[in-house]
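Peer 1: The structure's right below; bear with me while I get my questions together.
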Amino acid sequence: MTSRSNRPSRRSLLQLAGAAATGAIAAPYLVGTVRAATQITVADPGGPFGPAFRKAFYDPFEKATGNKVVNVAREAEPTAQFKAMVETKSYTWDVCTLTLSARDILKRQGLLDPIGFAHADVPKLMPQAISPEFMGTDVYSTVFAYRTDKVKNAPASWTDFFNVEKFPGRRALRKNPIDTIEQALLADGVPLDKLYPLDIERAFKVLDKIKPHVAVWWTGGAQSTQLLQSGEVDMLPGWNARLQAAIDGGAPAKIVWNQGLYSIEGWGLPKGGPKADVARQFVRFCSDPKTQAIFTEALAYGPTNLDAYQTIPAERAKVLPTSPENLKQMAIANEDWWSANRAKVTERFNAWLLT
């Protein structure tokens, strides 16, 4: 529940109504603008996220509240920088995008401030997308795609992907145990809802069989896009938006959502930040379904507020992970299992690649 001190005053509602009249997206839960405009710095993943989030979140928030948002690109793994900021009380930014695994690392170390609202305040938000110190904004999924001009017998599952006799073609896999282990187990018949804890011995037996047929072990999202678009491989797993980028670029390819694994990115606040009140206001603003719908115009990631699909065109919804048809075919990846086992499984995986 929202505390009384955070409820909007009559004056603040009038301010927001005025902002709405000038074209801003205003939500009734926003607290009023502060007496003097505050500038917050938001760290996002960079690249296409910057302009997409600017259109969906930053500019509308500025118009609705009078506060300024400056965005910067964060490091790929921001936990070390996050920790240094809190410990030195030298805050480079006020809000930062985090993966679930990064959120959990920072939470365990006591480095996150509460966001100030709960799932009950935004009931259409995916339950996995909100916790006391985090609110997810977008969902990405690991799926696979195949070239429709090369693979005539359409694969529909990981069992098909790993079946090189029935579904011939050049394959790529990610050079990382995360997702790759799950894919091997799914190919071997493990049900999606019974993946965890991962049976590592069983997974490596499956990987042993497909290893000679892997033409490329990819290491980055841009590489996966290029592999599919160029036709260097006929099928490969990847992050849905990266695969969609190849399709949008003209590649004759199709994404298979069945047995996909999804995860969530969202906002976290560094503990003790000097602008935490406005930062919380910003995070709450980003839970609005209409604002989330806007970023999907440019990014093929799913909104976490499922009411966003009321304003997302049906054709666009087909390529987003959280659309009803896609979401029901997938499951969320277990970040807790990987947090506990990542180091030892990665060591074994890297050694296995060399054999």
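Peer 1: Which one of Ile264, Ile294, Ile312 is under 24 Å from Ser224 (Cβ atoms) and of a type outside the set (Lys, Arg)?
Peer 2: Ile264
Peer 1: Let me ask another. Return the residue satisfying two criteria in turn: it lies in the range 83-113 and is touching a Leu at 6+ places or on another chain (Cβ under 8 Å) and surrounded by fewer than 21 Cβ atoms within 10 Å (Cβ to Cβ), and of such residues it is farthest from Asp138 (Cα to Cα).
Peer 2: Ranking the candidates gives Val86 first.
Peer 1: Scan the range 174-225 residue by residue and report those that are farther than 22 Å from Ala156 by Cα and of a type in the set (Val, Ile, Thr).
Peer 2: Ile200, Thr219
Peer 1: Right, something else. Would you check if there is a residue in the range 162-175 being part of a strand (DSSP E or B), more than 22 Å from Glu325 (Cα to Cα), open to solvent by 10 Å² or more (accessible area, probe 1.4 Å) and in contact with a Lys or Arg (Cβ under 8 Å, 6 or more places away or on another chain)?
Peer 2: Checking the range 162-175: not a single residue is part of a strand (DSSP E or B), more than 22 Å from Glu325 (Cα to Cα), open to solvent by 10 Å² or more (accessible area, probe 1.4 Å) and in contact with a Lys or Arg (Cβ under 8 Å, 6 or more places away or on another chain).
Peer 1: Same structure again: Does any residue of the range 255-272 turn out to be open to solvent by 60 Å² or more (accessible area, probe 1.4 Å) and farther than 28 Å from Thr92 by Cβ?
Peer 2: Residues of the range 255-272 that are open to solvent by 60 Å² or more (accessible area, probe 1.4 Å), as a first pass: 271.
Right, trim to farther than 28 Å from Thr92 by Cβ and you get none.
No, because not a single residue in the range 255-272 is open to solvent by 60 Å² or more (accessible area, probe 1.4 Å) and farther than 28 Å from Thr92 by Cβ.
Peer 1: Still on this structure, I have one more. For the range 273-287, what are the residues that are open to solvent by 30 Å² or more (accessible area, probe 1.4 Å) and closer than 15 Å to Ile115 by Cβ? Give the derivation first.
Peer 2: Narrowing the range 273-287 to residues open to solvent by 30 Å² or more (accessible area, probe 1.4 Å): 274-275, 277, 280, 284.
Correct list: Lys275, Asp277, Arg280, Arg284.
Peer 1: Residue under question is Pro127, and the condition is that it be over 18 Å from the mean Cα position of the chain (by Cα) and free of Cβ contacts under 8 Å to residues at least 40 places away in the same chain; does it hold?
Peer 2: No: the conditions fail for Pro127.
Peer 1: Hey, another quick one. Identify, from the list Val319, Val278, Val283, the residue that is farther than 30 Å from Ile200 by Cβ, in contact with a Ser or Thr (Cβ under 6 Å, 6 or more places away or on another chain) and of a type in the set (Val, Ile, Thr).
Peer 2: Just one listed residue meets the conditions, Val278.
Peer 1: Restricting attention to helices (runs of 4 or more DSSP H) lying wholly within the range 1-119, give those where 3 or more residues are modelled with pLDDT of 90 or more.
Peer 2: Result: 49-53, 59-65, 79-88, 100-108.
Peer 1: Which of the residues that make up the range 139-161 are of a type outside the set (A, V, I, L, M), surrounded by fewer than 20 Cβ atoms within 10 Å (Cβ to Cβ), part of a loop (DSSP other than H, G, I, E, B) and in contact with a helix residue (DSSP H, G or I) (Cβ under 9 Å, 6 or more places away or on another chain)?
Peer 2: If the condition is that a residue be of a type outside the set (A, V, I, L, M), surrounded by fewer than 20 Cβ atoms within 10 Å (Cβ to Cβ), part of a loop (DSSP other than H, G, I, E, B) and in contact with a helix residue (DSSP H, G or I) (Cβ under 9 Å, 6 or more places away or on another chain), then Asn153, Ser157 are the ones that fit.
Peer 1: Would you confirm whether or not the range 294-304 contains a residue that is part of a helix (DSSP H, G or I), of a type in the set (S, T, N, Q), in contact (Cβ under 8 Å) with a residue 40 or more places away in the chain and surrounded by 20 or more Cβ atoms within 10 Å (Cβ to Cβ)?
Peer 2: No; the residues of the range 294-304 include none that is part of a helix (DSSP H, G or I), of a type in the set (S, T, N, Q), in contact (Cβ under 8 Å) with a residue 40 or more places away in the chain and surrounded by 20 or more Cβ atoms within 10 Å (Cβ to Cβ).
Peer 1: Cβ-Cβ distance below 8 Å, separation of 6 or more or different chains: which pairs start in the range 325-346 with a residue that is touching a residue at least 40 places away in the same chain (Cβ under 8 Å) and closer than 19 Å to Val139 by Cα and end on one that is among the polar types (S, T, N, Q) and part of a helix (DSSP H, G or I)?
Peer 2: Hits for this filter: Ile332/Gln128; Glu335/Ser101; Trp338/Ser101.
Peer 1: Follow-up. When the residues of the range 305-355 are filtered to those that are of a type in the set (Val, Ile, Thr) and at pLDDT 95 or above, which remaining residue is surrounded by the most Cβ atoms within 10 Å (Cβ to Cβ)?
Peer 2: Thr322
The values are calculated or read from the model by the stated rules, or taken from the named source; none is laboratory data. Please read all numbers here as calculations on a predicted model, not as lab measurements. We place every Cβ from the backbone using ideal geometry, glycine too, and count neighbours over all the protein chains shown. Calculation scope for accessible area: heavy atoms of the full protein, side chains included, ligands and nucleic acids excluded. Shrake-Rupley method; radii C 1.70, N 1.55, O 1.52, S 1.80 Å.
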